[in-house]
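The values are calculated or read from the model by the stated rules, or taken from the named source; none is laboratory data. As the structure is a prediction and not an experimental result, all values here were calculated from the model. We place every Cβ from the backbone using ideal geometry, glycine too, and count neighbours over all the protein chains shown.
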Amino acid sequence: MEIVIIILQIIAGVLGGLTALMSLSLFMQFQWPAPAFWILKIYTSALSPLFALLGVLCTTAGLTTGSIFISLIGIYNMFVFSIHVFRITRPPASSSNFEKAFGANWKNRISSKQKNHFLQTRFLLRLPVVPDPRLEQNIPFATIPGTNQQLLCDIWQPPPAIAPSGLAFIYMHGSAWYMLDKDLGTRPFFSHLTAQGHVIMDVAYRLAPETDMMGMVNDVKRAIVWMKENVKTYKVDPKKIVVGGGSAGGQLALMTAYTAHNAQFTPPELQGKDFSVRAVISLYGPTDLKAMYYHTNQHLTTRSTPGQPKKKAPTKMPEWVKKSMGKDYYRLKFDKGFVNAGAFAPLMGGHPDEHPDAYALFSPVSHVHSGCPPTLLIHGEHDLMAPAKTTHFLHSRLAEEKVPAVLHILPQTDHAFDLILPKINPSAHNAIYDVERFLALQVKTLKTGKKVAKEVEEYQLDY
């Protein structure tokens, strides 16, 4: 019996101790370059409900075996991870929520049909099972002028039993502008949205060094035009097209949405086409490239500074990550390394002090105007790549222009949080909760941004 107790104490002590050490990452805001710590943090956050449960089991084991130390470890884990889950599943702040953006009656604008597959709460133990969508992969949507290169996308359509909503969501994956691909960690997200009748266009845009930032923005605009030309095929209303994306994809989505009528960003072969969109969604997308340059320490990792040692940038993923990804490691171009991933100097033609106009030109915050479409901004407070403070600033600029905008900052949350274990990840569920309601608003209401802004202003005065 004593041997069993000792073994139980060892198992509980080791698991509880490791979990307690992992919890420390939740309180830290890491700085680039720190890919291993970043991955540790987002996995720790994604598994936080399980770790809270492990804390309960550890506490029970300690009490059962008479170990106060193990009980204290269990109580710590139970408390810390439960508080973390509570914090990352809270709604947006009152100053930037849906009521502030769309008025007190915004929920009444959403069709009852849209609510059938809504998440009922911001925290679930697991995403609900939904009908299987119809998926077509590697569909050409454009050919780059002067070449034979075709741009590809995946099209996700609602299941046969689900009525089309008429809305298309064009999504750009995260890439650091240099790597990765469509269909990366988004299948649960897309399946959930197609169950609400939406069509998803998952775009594989060109990356550096094959093209520059203008080329990437042009590719997104090509995707918009293609979808508008194929609305009958996919039962989409051309006035209900929303663009969005994560990380670099979020930045490209914002740039495209805010420059719909800016000829400087129009692909040469698409002059005169309509690039306007109904709304835009950014998941932790960079909004100020100069600020991101310094936030990611590129002034130390990509150039020599007198009197300061040059930090060594990581050149590849940790070996354990490579093994866990298997063949996808190469398919998603992780083998290219991290030397240039996210590096602005080669992409922008120099550093911010050398080419300030280029950094401003491709910063979404530079293109805010009263005609911008409604915007949803979701960002992690501890984002080590795209600073959350610049997303705050973008939201304030949109508010000044009376553009309906929702800002949701998730505490203790880092970059790309929604792509890790999304079926059980509390922060991913919270983001989906916001996205599905934001998209549903674009299906139901036909009001323009100015009309919504006027209604919101009247609501705020009454409030």
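In this structure, is residue 204 at positive phi, surrounded by 15 or more Cβ atoms within 10 Å (Cβ to Cβ) and assigned by TED's automatic domain parsing to the domain that holds residue 417?
Against the criterion (at positive phi, surrounded by 15 or more Cβ atoms within 10 Å (Cβ to Cβ) and assigned by TED's automatic domain parsing to the domain that holds residue 417), residue 204 does not qualify.
Each row is one residue, and each column tells you yes or no for (1) at pLDDT 55 or above; (2) assigned to a helix (DSSP H, G or I); (3) farther than 18 Å from residue 92 by Cβ.
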residue: 422; (1), (2), (3): yes, no, yes
residue: 429; (1), (2), (3): yes, yes, no
residue: 432; (1), (2), (3): yes, yes, no
residue: 436; (1), (2), (3): yes, yes, no
residue: 440; (1), (2), (3): yes, yes, no
residue: 443; (1), (2), (3): yes, yes, yes
residue: 456; (1), (2), (3): no, yes, no
residue: 459; (1), (2), (3): no, yes, no
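For segment 63-99, give me each residue that is under 22 Å from the mean Cα position of the chain (by Cα), assigned to a helix (DSSP H, G or I) and surrounded by 21 or more Cβ atoms within 10 Å (Cβ to Cβ).
84, 88, listed by residue number.
Any chance segment 410-420 includes a residue that's among the β-branched types (Val, Ile, Thr) and in a loop (DSSP other than H, G, I, E, B)?
Yes, there is a match, as at least one residue in segment 410-420 is among the β-branched types (Val, Ile, Thr) and in a loop (DSSP other than H, G, I, E, B).
For every residue, the table says whether it meets (1) in a strand (DSSP E or B); (2) at pLDDT below 95; (3) of a type in the set (S, T, N, Q).
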{"residue": "171", "(1), (2), (3)": "yes, no, no"}
{"residue": "176", "(1), (2), (3)": "no, yes, no"}
{"residue": "179", "(1), (2), (3)": "no, yes, no"}
{"residue": "192", "(1), (2), (3)": "no, no, no"}
{"residue": "197", "(1), (2), (3)": "no, no, no"}
{"residue": "202", "(1), (2), (3)": "yes, no, no"}
{"residue": "208", "(1), (2), (3)": "no, yes, no"}
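Is it the case that residue 222 is of a type outside the set (A, V, I, L, M), in contact (Cβ under 8 Å) with a residue 60 or more places away in the chain and either outside the structural domain of residue 418 (by TED's automatic domain parsing) or closer than 23 Å to residue 342 by Cβ (or both)?
no
Name the residue, out of 67, 94, 82, that is within 27 Å of residue 435 (Cβ to Cβ) and in contact with a Gly (Cβ under 9 Å, 6 or more places away or on another chain).
From the options 67, 94, 82, the qualifying one is 82.
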